[in-house]
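Shown next, in structure tokens, is the structure this report addresses.
The values are calculated or read from the model by the stated rules, or taken from the named source; none is laboratory data. All values reported here derive from a predicted model rather than from experimental measurement. Heads up: the accessible areas ignore ligands, DNA and RNA and are worked out on the full protein's heavy atoms, side chains in. Shrake-Rupley method; radii C 1.70, N 1.55, O 1.52, S 1.80 Å.
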Amino acid sequence: MLTSLILPVGLMAVIGWVVPRLLAGVFPEGARPLIWLGVTAFVLCLALSGMLFAVLYMMGGAPVGEMLAEVGLWPTLWHFAKRGMLSAIVWLPIMILSTAQLPGKWTSETW
């Protein structure tokens, strides 16, 4: 059981750390862009963690294709989005810390 938790939790932690860092190269420096970066990072982390759960379901042998065929696209997406929201307990604090450290690397704006 423990080994089946290490990989997903580790991947979610990495997602929470890396996504804001990657977005920092796209967003300009400043307080407002930092807020938008945080919102964008949240949405991306939510989507990525939902996709991670879909992949983990498929790796575990769950019939995701049958689930799509039986209940449709939107209920299936909602199911994995809920899993992504529940996993925010892992990646959200890491994402917040990663985003909060970004102003220390600014060169043209001051916090």
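Of the residues Leu68, Leu23, Leu92, the one that moves most in a GNM of the chain with alpha-carbon contacts below 10 Å is Leu68. Protein heavy-atom accessible surface, 1.4 Å probe, per residue over segment 1-90: 64 Å².
In the chain, the convex hull through the Cα atoms has an average projected area of 7.9 nm², a quarter of its surface area. When shorter helices are ignored and each DSSP H run of at least 4 residues is given -39500 (n - 2.57), the per-residue value for the chain at 222 nm works out to -26500 deg cm²/dmol.
Rounded to the nearest whole Hz, the Karplus-based 3J(HN,Hα) values (6.51 cos²θ - 1.76 cosθ + 1.60, θ = phi - 60°) of segment 75-81 follow the sequence x, 5, 4, 5, 4, 6, 5, with x at glycine and proline. Of all accessible surface on segment 32-111 at a 1.4 Å probe, what whole percent is carbon and sulfur? For segment 32-111, the apolar C and S fraction of the accessible surface comes to 72 percent.
Globularity index of segment 17-78 is 1.52 (Cα radius of gyration / 2.2 N^0.38 Å, N = number of residues).
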